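Structure in structure tokens, see below.
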Amino acid sequence: MVEAIIRNLFRFITYLIVAMVLFVLGYIVAPGFRYIFQQGFLTEFPRSGMTEGGIFPALVGSAFMVLLVFAISVPLAILASIFLSEYLKGRLSAIFQSICSTMTAIPSIVYGLFGLVFYCVQLGMGTSLLTASLSLSTMTIPFIVTSTTEFLKAVPVDIREAAMSLGASKFQVSIMVIRGAWKGMLTAVLLGMGKSFGETAPILITGTVFYATQLPRSIHDPVMALPTTIYAIVVNLGERSQWMAQGTASLMVIFVVIIYSAIQILRGVRKG
Amino acid sequence: MRKVILVGWMMVMVMSLSLFATNLVVRGSNTVYPITQLWLEAFKEMDPEVVATLEGAGSSTGIRGLFNETTDIANSSRFLSAREIEDMNQAGRYFVSLVIAYDGIAVVVNKSNPIEEISLETLKAIYTGTINNWNQIDPNLPSGRIAVFSRSTASGTYETWSEKVLLNERMHPSVQVVESTQAEVENIRRNVNSIAYIGLGYVTDELKVLRVNGISCTVDNVLTGLYPISRPLFMFFDLKPFGFKWPDQGVVSDFITFALSPKGQALVAQAGYIPAYGDK
Amino acid sequence: MKRNRPSLGADFSNHVFRILVFISAATVVLSLVGIIFFIVRESLPAMQNLGFSLFESDWYPTHWDASYGIGIMLVNTILIAAFAGGLVWIVGMVIALYLKEYARPKEREGIIRIIEYLTGIPSVVFGFFGIVIMAQWLLNAGAWTGLNFLNASIMLFLLTLPIMVSLTYQSLESVPVEIREGAIAMGSKPLGVMAMSIRVAFPGILNAAIISFNRIVGETMIVLMVSGGSNLVPQSFFDPFRPLTVALGSEMGEVELRSLHYSTLFLIGFVLLVFSFGLTQLSAEIAKRGERWLKR
């Protein structure tokens, strides 16, 4: 009897809450959809005080940022996780892992502060696409390392031993291990990119602007980005511009859905 | 190998820092932001190749940018403070101040609030926490806790308010400090108990503007100085990079010339502010 | 067993590889060191000049007679994290338990899939909803102001719930089947089996709660947009408040490099850093104890 009550209560709560979240998302995202498909939203610059036109420069800015973060963090993260799983043992391995998990817990705004002091001021790079991407990379690398290492370690020890006994170098063994764990690693990378795509706080203080007349011509130029554009419109502009923020929010949700769908597909491939 | 390429690439980029493109960086006041946005859009139509960026996180951030040499032009809804002038002199810089528009700070409340006017002293009492209920101002008003809104300390609008209304006293901690005028407008529109101060350019029909000390916040009253809480809006730029001479050429010069031209000033009016130099 | 020696070419690439891998790992370690170093260095002036006055309640950093007290903001951060975090923990556990114990396979898969997508929604999207829509609803519900503690709590709850459910579910999943079967064999009723699972998975569940708590403490955008900005400890759910991250997000742009205000903001960053380190250590301890507990 009690069991039935609990079961139904739990069911009720689950459905209620899930419905709530979906409702909230639907409320923001659904109205924004039609703006995305509006003529010029994705291809034009904003006009008339951001009441007309599109978010093209923000789209490009975010794209450049994700690309740059990918280029910087993926090689470093993969190499570092190889180091962790293949070259470190025992105590050192535990220490390095706890360093990485400590870093994943640090709030993103602290990475923004670090980026500001170190990349912008200390290294004198000013506020730019580069410094924003570097700050995001500093945040994303430990995340990718912690997720990837788990997959690397899951590759059976026998494969390594067999290879070593045949005379393979550490390098070749590592390649084999990566091959074995590639799906998990790709998942980790996608997750990392998804996270850095949505982050606002660190790039707010290290490299983004709210309006730019041109696309960035070098990595030293400041850029517009999708999340900061939402924030800027909501914060700085009036009623007639809010539709642009809504469209941008919908667009961001769509991108997240795409990334996570890719992850789901990867997971499915693994199970199969 | 990838790493070598990456490091090499980064070194080239860093070295190219010295060959910085002629950018126009404008930063500062939230209040001036809508005007500058219109200016930059028009400026881009005149010169499609221009590379300009705009940020608005508050007047203090713009002036800070001038000091840090991270911005060419600082938008500001207040003049430099005594401290900033001192720092400027000590650093051997010279920030030229240009009045680009006039703005009144309107006191707004919800449309269904019966109140029509308010005095400076009452405003000060509200913002310093001495008064916190509407019926303390006027017993005829319905009772309700006043939801007081303000911009953050980075805002020139806040600084002006602090100087002219608060008389430099501390604002009460219960005052809701929000990041944007838009958030204030939203709250005023919907919250019967709210009160806020916003630039005249942000006023819409959905808000009620109060008379202050009996004077309405109109364009004429602001221009003649009758309205007690008005201020010029400024652009500052540093003369030092130009050898302490007025710049005759370059993107900063072109932009300023445009901003102060009749066409630029017409855009000021379009943004809802009061042109400084006539808008034929 | 005799090992063939690798050829000279392989030896070289091996060597280069080893260096590259080491440098990459070193970069990660160095960045952590760097973060700690720079944050501490920039906050030293505040620590030295202000000492314990930092924990007072008056925050007026731009006033001519400045005060730099982060006390109230600190309390606010803890309050919101405790409340929203607690809510997320309870509801998260309920949902995860439902999924594990009672949901039909199709149901389970479907809901888990939805939840996984939800973990990726950026916080600024929730902030947007909060400022534009939730504030209105709260006003309609009788709140005296729309940007307040409840608004922030709900938005933070929606942000962190998916991660909590996901992690808790994983912990429940990893409870060895033998324990459950053993319990059933001993005649436990279904509720008893569930309680057993919770007990065994508890370290993981606690860990998930700590991660959510940490996320809320460090979250900037949502609170920046919807918390209301009053430097007071909220007396009711409808009261506005201002946690630490808001000061950082709001004031960082206006500070003079190396001024006392700047330094105090970095000190706030340091406090956040200490918080996250402490929570990470806590969860590591729990993981260790958990293992010992399970082995009983």
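Report whether or not B:Ala106 is in a strand (DSSP E or B), at negative phi and modelled with pLDDT of 90 or more.
Considered against the rule, which asks whether it is in a strand (DSSP E or B), at negative phi and modelled with pLDDT of 90 or more, B:Ala106 comes out as yes.
Residue check: is B:Arg145 facing another protein chain (nearest Cβ under 9 Å) and open to solvent by 20 Å² or more (accessible area, probe 1.4 Å)?
Spelling it out, B:Arg145 is indeed facing another protein chain (nearest Cβ under 9 Å) and open to solvent by 20 Å² or more (accessible area, probe 1.4 Å).
Looking at the range A:161-194 only, could you name the residues that are in contact (Cβ under 8 Å) with a residue 60 or more places away in the chain and β-branched (Val, Ile, Thr)?
The answer is A:Val173, A:Val177, A:Ile178, A:Thr187, A:Val189.
Could you list, in sequence order, the residues of the range C:226-253 that are in a helix (DSSP H, G or I), at the interface with another protein chain (Cβ under 7 Å from one of its Cβ atoms) and touching a residue at least 24 places away in the same chain (Cβ under 8 Å)?
Correct list: C:Thr245, C:Leu248, C:Gly249, C:Ser250, C:Glu251.
Results for (1) surrounded by fewer than 19 Cβ atoms within 10 Å (Cβ to Cβ); (2) touching a Gly at 6+ places or on another chain (Cβ under 8 Å), shown as yes or no for each residue.
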residue: A:Met20; (1), (2): yes, no
residue: A:Leu25; (1), (2): no, no
residue: A:Phe37; (1), (2): yes, no
residue: A:Gly61; (1), (2): no, no
residue: A:Met65; (1), (2): no, no
residue: A:Ser73; (1), (2): no, yes
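Suppose we filter B:Ile100, B:Ile85, B:Ile63 for residues that are open to solvent by 20 Å² or more (accessible area, probe 1.4 Å) and more than 25 Å from B:Ile195 (Cβ to Cβ); which single one remains?
B:Ile85
To continue, here is another question. In the range C:160-209, what count of residues is obtained for those that are at pLDDT below 90, open to solvent by 20 Å² or more (accessible area, probe 1.4 Å) and either of a type in the set (Phe, Trp, Tyr) or not in a helix (DSSP H, G or I) (or both)?
Residues meeting the conditions: 7.
Given the options B:Val107, B:Val148, name the one that is within 21 Å of B:Ala183 (Cβ to Cβ) and touching a His at 6+ places or on another chain (Cβ under 8 Å).
Details: B:Val107 fails: touching a His at 6+ places or on another chain (Cβ under 8 Å).
Result of the check over B:Val107, B:Val148: B:Val148.
Return the residue satisfying two criteria in turn: it lies in the range A:173-186 and is open to solvent by less than 10 Å² (accessible area, probe 1.4 Å) and not aliphatic (A, V, I, L, M), and of such residues it is modelled with the lowest pLDDT.
The residue in question is A:Ser174.
Another question, then. Against the condition modelled with pLDDT of 90 or more and outside the structural domain of B:Thr224 (by TED's automatic domain parsing), how does B:Arg78 come out, does it pass?
The answer is no for B:Arg78.
Still on this structure: Is there any pair linking a residue in the range A:50-64 that is within 12 Å of A:Thr213 (Cα to Cα) to one that is open to solvent by 40 Å² or more (accessible area, probe 1.4 Å) and polar (S, T, N, Q), with Cβ under 6 Å and at least six apart or on different chains, and which?
Sorted first by the residue in the range A:50-64, then by its partner, the pairs are A:Phe56/A:Thr43.
Continuing with the same structure: Can you name every residue in the range B:159-175 that is more than 9 Å from every other protein chain (Cβ to nearest Cβ) and open to solvent by less than 50 Å² (accessible area, probe 1.4 Å)?
Within the range B:159-175, B:Thr160, B:Trp161, B:Val165, B:Leu166 qualify.
Inspect all residues belonging to the range A:76-98 and state whether any of them is under 22 Å from the mean Cα position of the chain (by Cα), at pLDDT 90 or above and among the small types (Gly, Ala, Ser).
Taking every residue of the range A:76-98 in turn, at least one turns out to be under 22 Å from the mean Cα position of the chain (by Cα), at pLDDT 90 or above and among the small types (Gly, Ala, Ser).
Which is among the hydrophobic types (A, V, I, L, M, F, W, C) and under 29 Å from B:Ala42 (Cβ atoms), of A:Val209, A:Val189, A:Val173, A:Val177?
On the way: A:Val189 fails: under 29 Å from B:Ala42 (Cβ atoms); A:Val173 fails: under 29 Å from B:Ala42 (Cβ atoms); A:Val177 fails: under 29 Å from B:Ala42 (Cβ atoms).
On inspection, the qualifying residue turns out to be A:Val209.
Failed condition for C:Ser263, given (1) open to solvent by less than 10 Å² (accessible area, probe 1.4 Å); (2) within 11 Å of chain A (Cβ to nearest Cβ), with all others met?
(2)
Report those helices (runs of 4 or more DSSP H) wholly inside the range A:194-272 carrying at least 1 residues which are away from chain C (no Cβ under 12 Å) and crowded, with 18+ Cβ neighbours inside 10 Å. Full working, then the answer.
Values: elements: A:201-206, A:226-236, A:242-271.
Output list reads A:226-236.
Which residues, taken from the range C:254-279, are closer than 19 Å to C:Ile36 by Cβ, free of Cβ contacts under 8 Å to residues at least 12 places away in the same chain and either of a type in the set (Val, Ile, Thr) or not in a helix (DSSP H, G or I) (or both)?
Of everything in the range C:254-279, just one residue is closer than 19 Å to C:Ile36 by Cβ, free of Cβ contacts under 8 Å to residues at least 12 places away in the same chain and either of a type in the set (Val, Ile, Thr) or not in a helix (DSSP H, G or I) (or both), namely C:Val274.
Further question on the same structure: Filter the range C:100-112 down to the residues that are within 7 Å of chain A (Cβ to nearest Cβ) and not aromatic (Phe, Trp, Tyr) and list them by number. Write out each step before concluding.
Restricting attention to the range C:100-112, the residues satisfying the condition of being within 7 Å of chain A (Cβ to nearest Cβ) are C:102, C:111.
Across the range C:100-112, the qualifying residue is only C:Ile111.
Within the range C:44-70, take every residue that is open to solvent by 70 Å² or more (accessible area, probe 1.4 Å) and among the aromatic types (Phe, Trp, Tyr) and give me the one that is farthest from the other protein chains (Cβ to nearest Cβ).
Applying the filter and picking the extreme gives C:Phe52.
Can you find a residue that is at the interface with chain C (Cβ under 9 Å from one of its Cβ atoms) and in contact with a helix residue (DSSP H, G or I) (Cβ under 9 Å, 6 or more places away or on another chain) anywhere in the range A:120-133?
Here is the first cut: in the range A:120-133, the ones at the interface with chain C (Cβ under 9 Å from one of its Cβ atoms) are A:121-122.
With in contact with a helix residue (DSSP H, G or I) (Cβ under 9 Å, 6 or more places away or on another chain) added as a condition, the list becomes A:122.
Scanning the range A:120-133, I find at least one residue that is at the interface with chain C (Cβ under 9 Å from one of its Cβ atoms) and in contact with a helix residue (DSSP H, G or I) (Cβ under 9 Å, 6 or more places away or on another chain), so the answer is yes.
Only residues that are open to solvent by 40 Å² or more (accessible area, probe 1.4 Å) and either in contact with a Pro (Cβ under 7 Å, 6 or more places away or on another chain) or aliphatic (A, V, I, L, M) (or both): list them for the range A:117-172, please.
A:Val121, A:Leu123, A:Thr127, A:Ala154, A:Val157, A:Ile159, A:Ala162, A:Met164, A:Leu166
Might you let me know whether the range B:9-28 holds any residue that is over 29 Å from A:Val69 (Cα atoms), at pLDDT 85 or above, touching a Gly at 6+ places or on another chain (Cβ under 6 Å) and open to solvent by less than 30 Å² (accessible area, probe 1.4 Å)?
No, every residue in the range B:9-28 fails to be over 29 Å from A:Val69 (Cα atoms), at pLDDT 85 or above, touching a Gly at 6+ places or on another chain (Cβ under 6 Å) and open to solvent by less than 30 Å² (accessible area, probe 1.4 Å).
Related question: Determine, yes or no, whether C:Gln170 is within 27 Å of C:Ser236 (Cβ to Cβ) and within 13 Å of chain A (Cβ to nearest Cβ).
no
Still on this model: Using the structure shown, decide if C:Val223 is aliphatic (A, V, I, L, M), open to solvent by less than 10 Å² (accessible area, probe 1.4 Å) and under 14 Å from the mean Cα position of the chain (by Cα).
yes
So for the range C:200-211 (the condition being within 12 Å of another protein chain (Cβ to nearest Cβ), among the small types (Gly, Ala, Ser) and farther than 26 Å from C:Glu251 by Cα), does at least one residue qualify?
No: zero hits.
While we're looking at this one, here's another question. Residues of the range B:30-49 being open to solvent by 10 Å² or more (accessible area, probe 1.4 Å) and aliphatic (A, V, I, L, M), which ones?
Listed by number, the residues that qualify are B:Leu38, B:Ala42, B:Met46.
Which numbered condition in (1) exposed (fewer than 15 other Cβ atoms within 10 Å of the Cβ); (2) facing another protein chain (nearest Cβ under 9 Å) is the only one that A:Pro31 fails?
A:Pro31 satisfies every listed condition except (2).
I would also like to ask the following. So in the range B:103-139, with the set limited to residues that are among the charged types (D, E, K, R) and open to solvent by 30 Å² or more (accessible area, probe 1.4 Å), which one is farthest from the chain's Cα centre (by Cα)?
Filtering first and then ranking leaves B:Asp138.
While we're looking at this one, here's another question. Go through C:Phe241, C:Phe213, C:Phe237 for me and flag whichever is open to solvent by 10 Å² or more (accessible area, probe 1.4 Å), touching a Gly at 6+ places or on another chain (Cβ under 8 Å) and modelled with pLDDT of 90 or more.
C:Phe213
The values are calculated or read from the model by the stated rules, or taken from the named source; none is laboratory data. All values derive from a computational prediction rather than experimental measurement. Counting neighbours? That spans all protein chains shown, and the Cβs are built from the backbone with ideal geometry, glycine included. Just the protein is used for accessible areas: all its heavy atoms, side chains included, with ligands, DNA and RNA removed. Shrake-Rupley method; radii C 1.70, N 1.55, O 1.52, S 1.80 Å.
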